[in-house]
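Read the structure below first, then the notes.
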Amino acid sequence: MSFKPSPVVPPLTRPQLAEARRVRAAELFDQGRSGAEIARMLGVGDESVRRWKRVREKDGADALRRRPATGRPPKLNDAQVEQVRTALEQGALAHGFEADLWTLERVGAVIERVTGVTLSKASVWRLLTGRLGWSLQRPERRAVERDESEIARRVAHEWPRIKKGR
């Protein structure tokens, strides 16, 4: 017997549930139900139903739908973000830095040079991880004198002897 995975339907979020409740209230208004009856059926307060009714009468049924969250517009438009991406892909050395490693300060300096826009470290981080899709990469710290063949020899020969002696 085999099972096929059923398509997973994610549960509704709170804003989606609230919108569905308001839309259902509008449908119930159209059916001629009273405010108290609608409040009881939807499990909300009478004042919420009255508020929804006022909004619907003033601005229509679409006013009860969710609106996208607003916020401050980004300082960099899409074209500027692509300019920054191109500049960063050239590497830190191409921009006059002594090592080919990017830090938030260095990226911020390049952004300012390329676009003329100054961003805080937090905004640079959000730009890198959000809009550019980059992730934090840390260089491995290893001694210059490290001898990989000697390490492999010790692991193969010395470690079994040390472990056996316990």
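Values in this text are rule-based calculations from the coordinates and carry no lab data. Nothing here was measured: the structure is a model prediction, and the numbers come from that model. Every residue, glycine as well, gets a Cβ built from its backbone with ideal geometry; the counts of neighbours run over all protein chains shown.
Positive-end ranking of Leu88, Gly35, Ala20 along the dipole of the chain, with charges on Cβ about the Cα centre, is headed by Gly35.
The largest-to-smallest principal axis extents of the Cα set in segment 14-64 are 25, 22, 18 Å.
Here the extension length gained between Arg54 and Leu136 equals 24.5 nm, from 0.36 nm per residue of separation less the Cα-Cα distance. Return one number: the angle in degrees, 0 to 90 and rounded to the nearest 10, between the long axis of the Cα atoms of helix 78-89 and the longest principal axis of the Cα atoms of the chain. Tilt relative to the chain: about 10 degrees. Just to be sure I understand, if you calculate semi-axes √(5λ) of the Cα gyration tensor in Å for this structure, which of (1) 37, 16, 14; (2) 58, 32, 13; (3) 31, 15, 14 do you get? Evaluating semi-axes √(5λ) of the Cα gyration tensor in Å on these atoms matches (2). Computed from Cα positions, the angle between helix 104-115 and the longest principal axis of the chain comes to roughly 70 degrees. Please work out whether segment 80-166 counts as rounded, prolate or oblate from its C-alpha gyration tensor, where a ≥ b ≥ c are the square roots of the eigenvalues and a/c under 1.5 means rounded, while otherwise a/b larger than b/c means prolate and anything else oblate? In terms of gyration-tensor shape, prolate. Computed from Cα atoms, the angle from the helix 46-59 axis to the main principal axis of the chain rounds to 90 degrees.
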